[in-house]
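Structure first, then comments.
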Amino acid sequence: MRGIRLFFYITLLGGASLCAQNKQLLYDFYEIPQSLMVNPGVKTSEKWHTGIPFISGLAFQVGTSGVTVNDLFANDGIDFTTKVRERVLVAMSHRDDFSTTSQIEGFNVGFRSRNRPDDYYSFGVYGETDIIVYWPRDLAILGFEGNGGANIGRNFDLGDVSLRGEMINVFHFGINRKISNTLTVGGRAKLYSSVFQFQSIGNSGSFRTTQGQDNIYVSTITADMQLRTAGAKEIFDILDDDTRSAREELPPLFAKRVLLGGNLGLGFDAGFSYNLNPQTTITASVLDVGFIYQSKDIQNYTLRGSASTEGITVFLPEDINNVNNDLWQDLVDDIEESLPYEENTESYISLRPVKAYGSIRYDFGEGGLGFDNCGCAINGRGGSNSDFYPNSVGGQLYMIKRPRGIQAALTGFYQRRFGRVLALKGTYTVDKYSLTNIGLGLNFQAGPINFYVLADNLLSYRNIADSHYASLQFGFNIISWNGN
């Protein structure tokens, strides 16, 4: 029962905030230092930067590929049960998901090497939460309609259960190097410290009810299912124990795990920017190629085997005096023997959700615009900054590895720069969450103070409850070009 309760806690946690991971507005927005976090090989022009702790990079994104709040709760005169049946059970598939990803930077610092002005180093710490829960369509229908009537003989797929989530702290160090006037490359090493992790993926099995022989129906279940958790048991023990204070015990537990006291792992990012000609640039990056070795506070749950039952068989009238509670216990024992539910504390390796970006950008308009004397590596070999054109157009591709395969998004963008002071970027993105995602990003530079704000799916703000996607990112930095 404790494993079942934990499963539902996690499911509710995953559905409570719904998000996606694509940062199409930030990607290749090289005026913002945090663009290094989505492409270590992005073009860099600053001499050094430092983020203002805890407010230099905050990302909050919301999305659902299936039903919206408005779909279920709008005052449209339709019965709620009818809405659930038509807009959830019928309309949603097992590939629809509810997911959440959020990031908060602890600090982010970058500086250019004095001896090698073409090298730009950056390091910092950020926290990330990533949870995805796929819609268990067959099990939802089974729970809503039952296994009788039209569902007699139907195979309900237990493989519809698929979920994964984690909360981690990431320590990182990156190097961005200008190889030539046309090529910039970069890499970033990462050390992961896990707060908690859980996953139930690769499940299989079925539940089926057919006509019986001794009784009316016979139910057959075949299952190969597993839920792995690391770091969750101790948290729920504190929450479940009325004699313990969650307010006193959870903060030091989280602090310990954030500061390398949790399960540890390694990963890396890599990327590049390449000028095909002075006005055309291609970029690409791959992020979070890594793993975490889960060995502390492990609690795993498995359900493997096959069982069939017609319930309790009683022959009347001769068995009328033999009906007792032992018959029920015998039935439970037989099922548990054929379909054992087990718990274990075996260590396991969890892989990070690998992400990849790619883009092509065409710059045009008169160059310069206040960058000619920036003193950065672009001028380090006597070149000019005429490649800072005020206008850019292009396209971006984003992909992320999810439990049910690759999830992709395609973005078109236009960017306009007004000297070093202001830059605007508009995007139009198509993905599984929305076909009308229009975004706008602003980067503002007031002396050394840098502020940026990036908002997605602006059309949805007319009715947030009916939106499948919304996003907001913002932050403050201090940036130097000439020692200011």
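The values are calculated or read from the model by the stated rules, or taken from the named source; none is laboratory data. Given the structure is predicted, the values throughout are model-derived calculations rather than measurements. In this analysis, Cβ positions are derived from the backbone assuming ideal geometry, glycine residues included, and neighbour counts consider all displayed protein chains.
Per-structure values
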quantity	calculated
Residue list for segment 93-138, filter: surrounded by fewer than 21 Cβ atoms within 10 Å (Cβ to Cβ), over 14 Å from the mean Cα position of the chain (by Cα) and of a type in the set (A, V, I, L, M, F, W, C)	PHE107, VAL109, PHE111, PHE123, VAL125
Qualifying residue in segment 108-123 (condition: of a type in the set (Ser, Thr, Tyr), in a strand (DSSP E or B), touching a residue at least 12 places away in the same chain (Cβ under 8 Å) and closer than 29 Å to GLY202 by Cβ)	no
Residue match in segment 417-427 (condition: at pLDDT below 80 and loosely packed, with under 14 Cβ neighbours inside 10 Å)	no
Those residues of segment 441-454 which are in contact (Cβ under 8 Å) with a residue 60 or more places away in the chain and aliphatic (A, V, I, L, M), in sequence order	LEU454
Any pair with Cβ under 6 angstrom, 6 or more apart, that starts in segment 244-272 at a residue that is in a helix (DSSP H, G or I) and ends at one that is polar (S, T, N, Q) and surrounded by 17 or more Cβ atoms within 10 Å (Cβ to Cβ)	VAL258/ASN169; LEU260/SER193
Residue satisfying all of: in segment 182-204; touching a Lys or Arg at 6+ places or on another chain (Cβ under 8 Å) and farther than 25 Å from ASP96 by Cα; surrounded by the most Cβ atoms within 10 Å (Cβ to Cβ) among these	THR184
Test result for TYR414, over 21 Å from the mean Cα position of the chain (by Cα) and more than 18 Å from PRO33 (Cβ to Cβ)	yes
Single condition THR64 does not satisfy, out of (1) touching a Leu at 6+ places or on another chain (Cβ under 6 Å); (2) modelled with pLDDT of 75 or more	(2)
In segment 422-438, the residues that are touching a Phe, Trp or Tyr at 6+ places or on another chain (Cβ under 8 Å), in contact (Cβ under 8 Å) with a residue 40 or more places away in the chain and either among the small types (Gly, Ala, Ser) or closer than 22 Å to TYR30 by Cβ (or both)	ALA423, LYS425, THR427, SER434
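Table: residues versus (1) touching a Gly at 6+ places or on another chain (Cβ under 6 Å); (2) under 22 Å from ILE175 (Cα atoms); (3) among the aliphatic types (A, V, I, L, M); (4) surrounded by 14 or more Cβ atoms within 10 Å (Cβ to Cβ).
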site	(1), (2), (3), (4)
GLU249	no, no, no, yes
PRO252	no, no, no, no
ALA255	no, no, yes, no
LEU260	no, no, yes, no
GLY267	yes, yes, no, yes
GLY271	yes, yes, no, yes
ILE282	no, yes, yes, yes
VAL286	no, yes, yes, yes
